[in-house]
Amino acid sequence: MTESTSAAVTHPIPDRHGQNLYTVDAELQRLLTLYLPDDLRRHMAPHFERLGGLAGGPLDELAGTADRNPPVLESRTRTGLDVQRIVKHPAYVEMERLALSEFAMGAISHRDETFGWQGKMPPAVKYVLFYLFVQAEFGLCCPVSMTDSLTRTLKKFGSPALVARFLPRLTTLDFDELAQGAMFMTEQAAGSDIAATTTLARPGPNGEWLLTGDKWFCSNPDAGFAMVLARVEGGAPGMKGVSLFLLPRRLEDGSLNRYRIIRLKDKMGTRSMASGEIRLEGATAYLVGEQGRGFVQMADMVNNSRLSNGVRAAGLMRRAVAEAEYIAAERRAFGKRLADMPLMQRQLDKLRVPAEQARTMVFQTAQALARSDAGEDGAYALLRILTPLIKFRACRDARKVTGDAMEVRGGCGYIEEWSDPRLVRDAHLGSIWEGTSNIVALDVIRAIKRENSLPVLRAHAEALLAEPGIAPAFATALREAMDRACALAQTAAQEGGEVLARQAASALYHCTSAIAMAWEAARSGSTERMRWAQLALLHRVLPRDPLSPDAVPAAWAASGTPAAVAA
Ligand SMILES: Cc1cc2nc3c(=O)[nH]c(=O)nc-3n(C[C@H](O)[C@H](O)[C@H](O)COP(=O)(O)OP(=O)(O)OC[C@H]3O[C@@H](n4cnc5c(N)ncnc54)[C@H](O)[C@@H]3O)c2cc1C
């Protein structure tokens with residue numbers, strides 16, 4: 001028992017600081033037996049344990065320090081040279097080292113050997129690392145994810161020469177050598193509507209391009225490389241005229257490329273990480289892929305980032321719920337532990353259900369990504385719909401779960417020296433960047449229309465429901481709900497149906513996650529997980545009479561599963 005844990009037992013204000021976020025998370029370890037091969041799981045366990053230990057203590061402290069000491073933009077040196085740099089607090093730099101170098105979170109999908117493992121790691125390993133890391137620090141996960149996503153997009157669409165030239169710096173684990181990634185898309189008049197991009201690209205003297213224009217939101221603005229959307233001068237109007245470019249921060253001779261960071265944003269959350277505005281003044285850049293295919297290629301990078309956003313939302317919720325559970329177990333009022341009070345038990349369940357749904361969707365989507373990258377039939381269509389589903393719903397749920405978990409700590413939850421306010425501030429961003437909720441819900445509809453994702457999702461759900469151990473009555477209820485969700489989504493995909501996009505996205509997410517949770521529960525023998533699957537269906541999908549107590553139907557309990565408890 002750590003010093004801080006024992007202090008919590010004897011002190012009226014409990015403090016979870018010092019717990020290992022991996023070893024205390026029995027449910028995560030159980031899920032890993034389903035989603036990782038045994039040898040890989042055993043190989044990674046000590047690394048997860050080390051990160052869990054850091055995230056529960058030292059990393060959390062670094063994150064708090066970096067949050068209170070945001071980056072500062074300097075435009076001149078003390079000798080009067082106009083050289084821009086972003087001064088980051090040493091706490092943030094140490095977190096960069098941990099994420100990008102020691103835990104290889106930007107490079108893990110692109111190197112053949114990490115953590116001493118032969119061959120590439122599956123996406124599930126990367127997302128477990130993110131899931132643990134983000135429980136301490138959210139802001140830095142954006143640059144780390146952009147480094148991963150930029151590298152993926154460069155490898156996929158860049159010319160062999162471009163890849164050979166720049167890939168080594170993006171994938172090295174040597175902290176002094178590595179370059180980070182960024183993504184400069186948004187302009188003042190072109191946020192959701194990328195077709196309105198006005199940044200111009202003109203041919204340069206040696207086959208490169210020169211970019212001119214203003215980018216309005218640029219996270220990690222001093223990254224070594226950024227993917228930028230720009231319009232080739234004289235090209236087609238609208239989306240067809242937008243191309244993708246790789247923009248290095250420094251030129252071959254080591255001098256800064258011709259763009260300036262105009263100012264840094266004063267943000268509500270992610271305060272540890274710099275987001276700025278950029279003016280491109282004839283900056284040298286390299287065309288990635290085909291001219292005019294910028295949006296399609298950038299969509300690949302954005303989809304990867306959207307999935308990462310879903311993972312981060314799941315991690316934030318896990319942190320919030322685990323804090324709430326700890327407080328409920330340790331804090332006393334009216335002579336009792338909070339955890340023994342029926343109304344508190346109900347509230348904790350209401351926090352756990354969305355947090356567990358998101359965790360399930362992380363693994364389901366990671367699995368679909370692995371299958372899609374392996375070229376498995378139908379896997380891309382599945383990935384294409386699961387990605388906006390998790391981005392849409394998990395990010396929205398994280399806002400509520402972090403806010404409601406804050407209340408479990410009582411007054412202390414509102415005080416900045418605890419993790420709760422930071423979690424709440426950070427959680428709100430997930431629904432805005434990388435596509436707002438409306439835009440991402442519309443992307444679910446696009447996946448249905450363009451990739452015919454709905455029958456694939458339905459078939460996937462059916463395969464999960466075939467797992468023995470799910471009570472037939474519960475399986476029937478899940479199947480019927482999924483059918484209705486698919487019918488709603490189909491209507492949303494018809495002409496004039498877009499007003500239903502959010503409702504349909506929520507319904508698909510809730511049904512898919514409840515079904516996958518039931519599958520996980522049946523596979524792992526977890527009665528607790530089966531109960532959360534039941535509550536997800538009961539509370540988040542099925543109609544309820546607000547004037548009567550809600551109880552899980554007794555018939556939903558499988559043989560061998562204890563009768564489900566009313567929530
Ligand atoms: C902290 C932070 C960091 C960011 N970092 C980056 C970055 O690194 N790189 C980058 O390129 N961008 C970045 N962004 C920008 C972010 O991705 C955009 O702000 C976001 O995509 C929305 O664009 P917008 O701000 O122009 O809003 P708008 O597009 O103007 O949207 C305003 C509202 O209109 C709604 N809306 C728009 N179109 C529709 C529609 N068809 N139907 C219904 N509703 C609609 C939206 O949902 C939203 O609610 C960042 C933003 C923030 C806050």
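Every read-out reported here was derived from the displayed coordinates using simple, explicitly stated rules and does not represent laboratory data. Bear in mind that the values here come from a model prediction, so they are computed numbers and not experimental data. Here the Cβ is made from the backbone with ideal geometry for all residues, glycine too, and neighbour counts use every protein chain on show.
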Original post:
Once both axes come from the Cα atoms, what is the angle between helix 123-133 and the longest principal axis of the chain, in degrees from 0 to 90, rounded to 10?
Top reply: 80
Subject >> Difference of contour (0.36 nm per residue) and Cα-Cα distance, Leu343 to Lys156 >> reply: 62.1 nm
**OP:** Only helical DSSP H runs with n ≥ 4 go in: add -39500 (n - 2.57) per run for the chain, normalise by residue count and round the 222 nm mean residue ellipticity to 500 deg cm²/dmol.
**Re:** -17000 deg cm²/dmol
Original post:
How big is the stretch 3-142 by Rg and Dmax over its Cα atoms, in Å?
Top reply: 18.3, 59
Subject >> 46 Å tail of the calculated P(r), the chain, as % of Cα pairs >> reply: 13
**OP:** Restrict the search to the stretch 468-567; then list the trypsin sites (Lys or Arg not before Pro) that DSSP places in a loop and that have at most 13 other Cβ atoms within 10 Å of their Cβ.
**Re:** Arg544
Original post:
In the stretch 410-475, which GluC sites (Glu not before Pro) fall in coil by DSSP and have 12 or fewer other Cβ atoms within 10 Å?
Top reply: Glu416, Glu417
Original post:
Of the cross-linked pairs Lys88/Lys156; Lys126/Lys391; Lys120/Lys156, which ones have a Cα-Cα span greater than 23 Å in the structure shown?
Top reply: Lys88/Lys156
Original post:
Which FRET efficiency value, to the nearest 0.05, is calculated for Lys449 and Thr65 with the Förster distance at 60 angstrom and r the Cβ-Cβ distance?
Top reply: 0.80
Original post:
For the stretch 510-524, in order, what is each residue's ³J(HN,Hα) by Karplus, 6.51 cos²θ - 1.76 cosθ + 1.60 with θ = phi - 60°, in whole Hz (x at glycine and Pro)?
Top reply: 5, 5, 4, 5, 5, 5, 5, 5, 5, 4, 4, 5, 5, 5, 9
Original post:
Stretch Ala459-Asp483 to full length: gain in nm at 0.36 nm per residue minus the Cα-Cα span?
Top reply: 7.5 nm
Original post:
Roughly what angle does helix 38-56 make with the longest principal axis of the chain, taking Cα atoms, 0 to 90 degrees, to the nearest 10?
Top reply: 80
Subject >> Loop-located GluC sites (Glu not before Pro) in the stretch 100-143 whose Cβ has at most 16 other Cβ within 10 Å (DSSP) >> reply: Glu113
Subject >> Using θ = phi - 60° and Karplus 6.51 cos²θ - 1.76 cosθ + 1.60, couplings along the stretch 362-376 (whole Hz; Gly, Pro as x) >> reply: 4, 5, 5, 6, 4, 5, 5, 5, 4, 5, 5, 5, 7, x, 5
Original post:
What list of ³J(HN,Hα) couplings, whole Hz, do you get for the stretch 106-115 from phi and the Karplus terms 6.51, -1.76, 1.60, once you set θ to phi - 60° and write x for glycine and proline?
Top reply: x, 9, 4, 7, 10, 10, 6, 9, 9, 6
Subject >> Prolate/oblate/rounded label for the stretch 181-293 (Cα gyration tensor, a/c 1.5) >> reply: oblate
**OP:** Add +1 for every Lys or Arg and -1 for every Asp or Glu among the other residues with Cβ under 15 Å from the Cβ of Leu100, and state the total.
**Re:** -4
Original post:
Given H placed 1.01 Å from N in the peptide plane, which residues other than close sequence neighbours of Thr270 have an amide H under 5 Å from its amide H?
Top reply: Asp426
Subject >> Three-way shape label, the stretch 416-486, alpha-carbon gyration tensor, a/c 1.5 >> reply: oblate
**OP:** Sort the stretch 452-567 into rounded, prolate or oblate with this rule: let a ≥ b ≥ c be the square roots of the eigenvalues of the Cα gyration tensor; rounded if a/c is under 1.5, and if a/c is not under 1.5, prolate when a/b is larger than b/c, oblate otherwise.
**Re:** oblate
**OP:** Please name whichever of Val456, Gln84, Leu338 sits farthest to the positive end of the charge dipole of the chain, dipole taken about the Cα centre and charges placed at Cβ: Lys and Arg +1, Asp and Glu -1.
**Re:** Val456
Original post:
Once the Cα atoms of helix 437-451 and of the chain are each reduced to a long axis, what angle between those two axes, in degrees from 0 to 90 to the nearest 10, is obtained?
Top reply: 90
Original post:
Extension gain Lys240-Arg258, at 0.36 nm per residue separation less the Cα-Cα distance, in nm?
Top reply: 3.8 nm
